[in-house]
Amino acid sequence: MLVDATCTPADIRYPTDLSLLNEAREKTEAVIDQFHGWIAEETEETVKKPRTYRQKARKQYLAVAKQKKSGAKKVRKAVGQQLNYVQRNLGHIARMSEAHPGLLSELLRYDYKCLLVIHTLYEQQRQMHTQRVHSVADRIVSISQPHVRPIVRGKAGKRVEFGAKVSISHQAEGYVSVDTLSWDAYNESADLPGQIETYRERFGYYPASVHADTIYRTRENRKYCKDRGIRLSGKPLGRPKKSTLENANELRAQRILERQDELDRIPVEGKFGNCKRKGSLQRVMAKLAHTSESVIHVGIVVLNLDKWLAELLLRLFCALIRMLYAAAKPQAPHPALIPEKKSLSTQSLLPQPLLKVVA
């Protein structure tokens, strides 16, 4: 059994604190404009719109966003300014909704959801700005998709990805199953016992070996596999043995086995490549959490169907080759049409021309 985990990136802009706050400010300004228009229609009087300083806020944002390399002090100052504008706008919205209780119910469902997300976003950004940190629990990186979380991968070019984390298992037949799908960053090594038990329920026995990445080779997982007679790929724990004449062959065999384990783990990496380069998991375009999960599962199902179709076409092709070979092969005559062979004494008495006919 081969196991591994990956991240399926969501379709969001690369998030920065400044851009998120600027988007939150623009959305709150749109809500204030809607509230002001509804209040003016309801009262039929000239109502003064709350001051939002949107032009000044936009100018301050662009002054930093357009710079190629803005320093940390400039970014921190700009973030503080946008926080103050968002705080002012949220205060205006709260006072207008208190004075006119029916305003919030007039908002579209999407706008109301974004307003709730902006409240949480403001609290997180204010906490990070006050404490001078850059991380917070359940950090929001997209207002339209608040379920997306940053997944630290540590890979070249993509140190952080934003999307769902998917843990899969690859059986010897070449089919893939999704074992865990989570929007939160977690350690995938905890999934290994559950994946092995699922394998046993599906096939009726434990796998002979499990080929996994280094992160799966924890002490708990090693003990779990050892108790059940499962070989976990990779180097054993402890200091490597010193090479001597007595154990030279043993160490060489161990190195060959470790190398073969890494080669055997290549197919599960290839499945990720097929899903992302040829499938739809390179960038999940769905916006809601449950629709994104459906897209991910459908991508894995299509991958398995492609594998099944390839096997089916191969069998049909082999059957066709056998039929063509059988049709091209000369047919043997019926046994009743084959003349009986005469004994040597009888054939010696026949004339020579008749012997040729019999032959």
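The values are calculated or read from the model by the stated rules, or taken from the named source; none is laboratory data. What you see is a predicted model; the values in this text were computed from it and never measured. Counting neighbours? That spans all protein chains shown, and the Cβs are built from the backbone with ideal geometry, glycine included.
Of everything in region 217-271, what is in contact with a helix residue (DSSP H, G or I) (Cβ under 6 Å, 6 or more places away or on another chain) and not in a loop (DSSP other than H, G, I, E, B)? Give them in sequence order.
Passing the criteria: Asn221, Tyr224, Leu232.
Yes or no: region 58-75 includes at least one residue that is in contact (Cβ under 8 Å) with a residue 12 or more places away in the chain, under 20 Å from His119 (Cα atoms) and among the hydrophobic types (A, V, I, L, M, F, W, C).
So far as region 58-75 goes, no, none of its residues is in contact (Cβ under 8 Å) with a residue 12 or more places away in the chain, under 20 Å from His119 (Cα atoms) and among the hydrophobic types (A, V, I, L, M, F, W, C).
Which condition number does Asn84 fail, the rest of (1) in contact with a helix residue (DSSP H, G or I) (Cβ under 6 Å, 6 or more places away or on another chain); (2) in a helix (DSSP H, G or I) being met?
Exception for Asn84: condition (1).
Give the residue that is farthest from Ile168 (Cα to Cα), with candidates limited to residues of region 224-252 that are surrounded by 11 or more Cβ atoms within 10 Å (Cβ to Cβ) and either outside the structural domain of Ala172 (by TED's automatic domain parsing) or of a type in the set (A, V, I, L, M, F, W, C) (or both).
Leu251
Go through region 18-35 and give me each residue that's over 14 Å from Leu90 (Cβ atoms) and either without any contact (Cβ under 8 Å) to a residue 40 or more places away in the chain or part of a loop (DSSP other than H, G, I, E, B) (or both).
Asp33
Check whether at least one residue in region 292-301 is of a type outside the set (Asp, Glu), in the same structural domain as Lys158 (by TED's automatic domain parsing), more than 30 Å from Gln145 (Cα to Cα) and touching a residue at least 60 places away in the same chain (Cβ under 8 Å), and report yes or no.
Looking through region 292-301, none of the residues is of a type outside the set (Asp, Glu), in the same structural domain as Lys158 (by TED's automatic domain parsing), more than 30 Å from Gln145 (Cα to Cα) and touching a residue at least 60 places away in the same chain (Cβ under 8 Å).
Need pairs with beta-carbon distance below 8 Å; first residue farther than 11 Å from Glu42 by Cβ and within region 98-110, second surrounded by 10 or more Cβ atoms within 10 Å (Cβ to Cβ) and at pLDDT 90 or above; sequence gap 6+ or separate chains.
Pairs found: Leu104/Ser97; Leu104/Tyr112; Leu107/Val31; Leu107/Gln34; Leu107/Leu115.
Mind checking which residues of region 1-31 are surrounded by fewer than 19 Cβ atoms within 10 Å (Cβ to Cβ), over 30 Å from Ile168 (Cβ atoms) and of a type in the set (A, V, I, L, M)?
Ala30, the sole residue that qualifies.
Applying the selection to region 83-132, what residues are surrounded by 12 or more Cβ atoms within 10 Å (Cβ to Cβ), of a type in the set (A, V, I, L, M, F, W, C) and farther than 29 Å from Leu288 by Cα?
Met96
Would you check if there is a residue in region 203-223 being surrounded by 14 or more Cβ atoms within 10 Å (Cβ to Cβ), farther than 19 Å from Ile168 by Cβ and either without any contact (Cβ under 8 Å) to a residue 24 or more places away in the chain or not assigned by TED's automatic domain parsing to the domain that holds Ser167 (or both)?
So far as region 203-223 goes, yes, one or more of its residues are surrounded by 14 or more Cβ atoms within 10 Å (Cβ to Cβ), farther than 19 Å from Ile168 by Cβ and either without any contact (Cβ under 8 Å) to a residue 24 or more places away in the chain or not assigned by TED's automatic domain parsing to the domain that holds Ser167 (or both).
Please go through region 162-216 and pick out each residue that is among the basic types (Lys, Arg) and at pLDDT below 90.
Listed by number, the list holds a single entry, Arg202.
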